[in-house]
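A quick write-up on the structure given underneath.
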Amino acid sequence: MIMVTGGAGYIGSHVCIALLDAGFDVVVVDNLSNSKRTSLDRVQAICGRSISFEKVDLRDEKAILRILRDFDVTAVVHLAGLKAVGDSHENPIGYYDNNFVGTLRLVSAMKTANVRKLIFSSSATVYGNPSYLPIDESHSLAPTNPYGRTKYFIEEMLRDLHGSDNDWSIAILRYFNPVGAHESGVIGEDPSGIPNNLLPLVAQVAIGKRKQLVVLGNDYPTHDGTGIRDFIHVVDLASGHLSALNHLKGPGILTTNLGTGRGTSVLEIVQAFESVSGSAVPHTIGDRRAGDVAACYADPTLAADLLGWKSTKTLVQMCADHWRWQSNNPNGYHPPTQPTSERDAPT
Ligand code: NAD
Ligand code: WQD
């Protein structure tokens, strides 16, 4: 049995599908602070298999210990966490508590239950401002925001944990920019309020929920002046977790990027989304966003060498799958509302 923390969330729901499809049994632990139980109902429908669910907070060590024992858990895929960079500046204590303390309680329960196999969701944000591109795993670590620092400190804690007890088997996965959705179009990213990330914003503009996209800077030293990122299909990302799980046969610790190695600019995303959706994405040019870097993309060589994993999906597939999810579920996992309601009015 594999425990998936944060399994009801955007990436976690796709990881559950990858695990179920590979024949693993799954128990999801999620406090539903940023997700809906419906996502797991849909995962079960897609896979034709059932999933166990425990509505539990990661920081409830006793409850985590009980679940590890009751379900005979052999490995944990740990995705639960808060992820909004802006919020983390406003509420660093909440971020350290939820992300760092939550992970501390989790590994403490795992140690007690003698479960020593862990896959952890880290982020490319741990690298900070790139000093060279593409970014490989030996790039310096200098996160520029509290969210990123929670990931950095968790990584350090996991390295110390492995240093203290070599029986631990740990994979630290540094995601670049996850986008897209399962090809069924029934699960996907469902941000609450105004999305922080580019693709959900583009999709909401394309469907008419927002009037326009503001391109945050067109004076970067890139080919078209807009920011460049390594967008990776969430299904590829999910399969990276399966590869890591299959790789973790014995003790050890590995840290690897999960990215495509390709950089795509904001304007290229807008163009690709327009052509896939057949809808216009009106946009204006605004100021740069504080803390943004010009370009950030992965060197994915280590994941290929170590895990035998590579991304397979194209930018067109990322946009098409994201669009299918958005257009089939304009309100995400929320029930439909009246078209005249405030929620549906373009902003
Ligand atoms: P998400 O918010 O959709 O999923 C996170 C899930 O964790 C949610 O279901 C939430 O309810 C749950 N959760 C949060 N705190 C919890 C707690 N204390 N106890 C139990 N459950 C809790 O986010 P996501 O995009 O799926 O991200 C998953 C992981 O990947 C996060 O750790 C995030 O930091 C990391 N990550 C995400 C991105 C990205 O751009 N989406 C990039 C790099 C890394
Ligand atoms: C991508 C590009 C923006 C919004 C963030 C987190 C990072 C990670 C992934 C979790 C940039 C531009 C955006 C808009 C725009 N999350 N943009 N108009 O900033 O690479 O990374 O999400 O670990 O920690 O920092 O992703 O999607 O916000 O932005 O022009 O309204 O889109 O300037 O160039 P980012 P993003």
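The values are calculated or read from the model by the stated rules, or taken from the named source; none is laboratory data. Source: prediction; values computed, not measured. Note: ideal-geometry Cβ built from the backbone for every residue, glycine included; neighbour counts use all protein chains shown. What goes into the accessible areas is simple: the full protein's heavy atoms, side chains included, and nothing from ligands, DNA or RNA. Shrake-Rupley method; radii C 1.70, N 1.55, O 1.52, S 1.80 Å.
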*asked:* Among the residues that make up the range 184-197, is at least one of them within 25 Å of Ile2 (Cβ to Cβ), open to solvent by less than 40 Å² (accessible area, probe 1.4 Å) and touching a Lys or Arg at 6+ places or on another chain (Cβ under 8 Å)?
replied: yes
*Counting only residues that are open to solvent by 50 Å² or more (accessible area, probe 1.4 Å) and either assigned to a loop (DSSP other than H, G, I, E, B) or within 14 Å of ligand 2 (Cβ to nearest atom) (or both), how many does the range 135-153 have?*
7
*Count of the range 42-53 residues which are without any contact (Cβ under 8 Å) to a residue 40 or more places away in the chain and open to solvent by 40 Å² or more (accessible area, probe 1.4 Å)*: 4
*If Leu213 satisfies every condition in (1) closer than 19 Å to Val85 by Cα; (2) of a type outside the set (S, T, N, Q); (3) within 11 Å of ligand 2 (Cβ to nearest atom) but one, which is the exception?*
(1)
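Table: residues versus (1) crowded, with 18+ Cβ neighbours inside 10 Å; (2) over 27 Å from Cys296 (Cα atoms); (3) hydroxyl-bearing (Ser, Thr, Tyr).
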residue: Pro92; (1), (2), (3): no, no, no
residue: Arg105; (1), (2), (3): yes, yes, no
residue: Lys111; (1), (2), (3): no, yes, no
residue: Val115; (1), (2), (3): yes, yes, no
residue: Ser121; (1), (2), (3): yes, no, yes
residue: Tyr127; (1), (2), (3): yes, no, yes
*Name the residues in the range 185-238 that are part of a loop (DSSP other than H, G, I, E, B), among the hydrophobic types (A, V, I, L, M, F, W, C) and either away from ligand 1 (no atom under 13 Å from the Cβ) or farther than 30 Å from Leu307 by Cα (or both), would you?*
Val186, Ile194, Ile207
*Could you look through the range 54-90, keep only residues that are open to solvent by 40 Å² or more (accessible area, probe 1.4 Å) and among the β-branched types (Val, Ile, Thr), and pick out the one that is farthest from ligand 2 (Cβ to nearest atom)?*
Thr74
*Return the total of residues in the range 111-134 being farther than 19 Å from Thr150 by Cβ and either in contact with a Pro (Cβ under 7 Å, 6 or more places away or on another chain) or away from ligand 2 (no atom under 16 Å from the Cβ) (or both).*
9
*Six or more apart or on different chains, Cβ under 6 Å: which pairs go from a residue in the range 138-165 that's farther than 15 Å from Leu82 by Cα to one that's open to solvent by 60 Å² or more (accessible area, probe 1.4 Å) and assigned to a helix (DSSP H, G or I)? Could you list them?*
Pro143/Arg149
_I need a count of the residues in the range 94-103 that are closer than 18 Å to Val29 by Cβ and open to solvent by 30 Å² or more (accessible area, probe 1.4 Å)._
3
*Have a look at Glu155, Glu137 and point out the one that is farther than 19 Å from Ser311 by Cβ, assigned by TED's automatic domain parsing to the domain that holds Phe100 and charged (D, E, K, R).*
Glu155
*asked:* For a quick check of your reading of the model, give me the residue pairs whose first member lies in the range 9-26 and is within 15 Å of ligand 2 (Cβ to nearest atom) and open to solvent by less than 20 Å² (accessible area, probe 1.4 Å), whose second is modelled with pLDDT of 95 or more and hydroxyl-bearing (Ser, Thr, Tyr), with beta-carbon atoms closer than 6 Å and at least 6 apart or on different chains.
replied: Gly9/Ser35
*Return the total of residues in the range 259-313 being open to solvent by 30 Å² or more (accessible area, probe 1.4 Å) and part of a strand (DSSP E or B).*
3
